1. Among what's in segment 176-204 and is over 30 Å from Val118 (Cβ atoms) and open to solvent by less than 50 Å² (accessible area, probe 1.4 Å), pick the residue that is nearest to the chain's Cα centre (by Cα).
2. State whether the residues of segment 342-352 include one that is open to solvent by less than 10 Å² (accessible area, probe 1.4 Å), out of contact with any Gly (no Cβ under 8 Å at 6 or more places or on another chain) and under 25 Å from Val213 (Cβ atoms).
3. Mind checking whether some residue in segment 60-75 is in contact (Cβ under 8 Å) with a residue 60 or more places away in the chain, crowded, with 18+ Cβ neighbours inside 10 Å and farther than 24 Å from Gln351 by Cα?
4. Considering segment 68-111 alone, what residues qualify as being under 22 Å from Leu165 (Cβ atoms), assigned to a helix (DSSP H, G or I) and either in contact with a Cys (Cβ under 6 Å, 6 or more places away or on another chain) or hydrophobic (A, V, I, L, M, F, W, C) (or both)?
5. Being within 15 Å of the chain's Cα centre (by Cα) and either farther than 24 Å from Arg4 by Cα or modelled with pLDDT of 95 or more (or both) narrows it down to one of Thr336, Thr328, Thr305, so name that one.
6. Return the total of residues in segment 130-166 being outside any helix (DSSP H, G or I) and either open to solvent by less than 30 Å² (accessible area, probe 1.4 Å) or on the phi > 0 side of the Ramachandran plot (or both).
7. In segment 92-106, which residue that is open to solvent by less than 40 Å² (accessible area, probe 1.4 Å) and of a type in the set (Gly, Ala, Ser) is farthest from His330 (Cα to Cα)?
8. What number goes with the only condition from (1) of a type in the set (Phe, Trp, Tyr); (2) in a helix (DSSP H, G or I); (3) without any contact (Cβ under 8 Å) to a residue 12 or more places away in the chain that Tyr250 does not pass?
Amino acid sequence: MALRLAWRGRGRRIAIAAAAAALICLSGPGLGSSAAATVDVTVDPAHLGHAVAPSFIGLSFEALDLPQVARDGERGPLVEMLRSLGPGVLRFGGLTVDADTAFSATGAGPPWAATTIVPADFDRLAKLARRTGWRVLLAVGLGHYDPAMAAAEAAAAAQRLGPMLAGIEIGNEPNGFWLSGLRPMHWDYAQYRSQIGAYRRAIAAAVPGVPLVGPDMVESGGVYDWMRDFARDERPALLTAHYYSDQNCYPPPPTIADLLSPGLGRERARDFAHLARIGRRAGIPVRLGETNNIGCRGRDGVSNTFAAALWAVRHQLAAARAGLTGVTFHTLPECTGYSAVCAPAPADWEQGRLRAMPEWYALLLFHRLEGARFARAT
């Protein structure tokens, strides 16, 4: 198949985004390499859409992994890898921020905590942020209710990260707390808001002016209602939501064909448009605070293939086209799931020996589109 591209008037940067979108659309199922066709694509810069926001790219890690990621900034290839993507956002949260991660100034954490974050971890994280130009979104735990501990963590992070701290999230997927036993089934938005009110006051007293980010909702359990109400009531600096295109939590297992299916793409476009409308009506930017291809840690042979890289480019294009300001891909240490960067074995993770996975190359490609605008193409 041959592709001929033309654009009207000036605006090559406009055309680049449209051309990439056209190529991604044309490379879907049903157009094999043997198709003897010529496709003409004309780009019209007179009809412009959204621009791809600066620092659109992001990586999300479990709070449990914050100390290790911070250490990786002092050894191994992580610094150069992040620099290759340009400025981005590092987010720390995930299920572990509420279930089993605590903060302690002394290192003596509560008995329920599997990992305790200490101020020295933020010293190392600040060094990583400064060396790479990546800012940090930090979630503090809400699952084990403790406003004072959250305020102490926010203050320690703000003192060390300074302007590299993009904001503080309170809890991870709080509208789904009942699924993990952190709250009863009748847990609702009013109860949630009452609790984050105490957190907000404690954090504001400890570190005045730190930006509040949220609500970081999972795409179930009234996500749109919670986001709309949170935007109205809390006026955060940034609205965040989670989004996984498919799931591996129960049968049947997803396939590559499922991941790249037109139906999944249409559903994603509708969901992103809805999120963007909430942000526009509130006058607050929206970011996918945590996202990836297949929920429940991904699926080996699907999530970690180059088909997933194709999915990731489409995913970012769909988010940018809708007007979202960024996409933060969730990242786990193991290489059998959906991570953009991983370690082949636990010893490699401990030593900072990391491997770029297929999704990493989708981020490298998309970085070239930052600042470009979408244009009408035929």
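The values are calculated or read from the model by the stated rules, or taken from the named source; none is laboratory data. Fair warning: this is a prediction, and the values are worked out from it, not measured in the lab. Don't worry about glycine lacking a Cβ; one is built from the backbone with ideal geometry, like all the others, and counts go over all protein chains shown. The protein model used for the area step is the full one, side chains on, heavy atoms only, and it has no ligands, DNA or RNA in it. Shrake-Rupley method; radii C 1.70, N 1.55, O 1.52, S 1.80 Å.
1. Ranking the candidates gives Tyr189 first.
2. no
3. No, the conditions are met nowhere in segment 60-75.
4. Passing the criteria: Val69, Ala70, Leu78, Val79, Met81, Leu82, Val97.
5. Numbers: Thr336 fails: within 15 Å of the chain's Cα centre (by Cα); Thr305 fails: within 15 Å of the chain's Cα centre (by Cα).
After applying the criteria, what remains is Thr328.
6. We begin by selecting, within segment 130-166, every residue outside any helix (DSSP H, G or I); these are 133-146, 165-166.
Remaining after also requiring either open to solvent by less than 30 Å² (accessible area, probe 1.4 Å) or on the phi > 0 side of the Ramachandran plot (or both): 133-134, 136-143, 165-166.
Counting residues in segment 130-166 that are outside any helix (DSSP H, G or I) and either open to solvent by less than 30 Å² (accessible area, probe 1.4 Å) or on the phi > 0 side of the Ramachandran plot (or both) gives 12.
7. Selected residue: Ser104.
8. (2)
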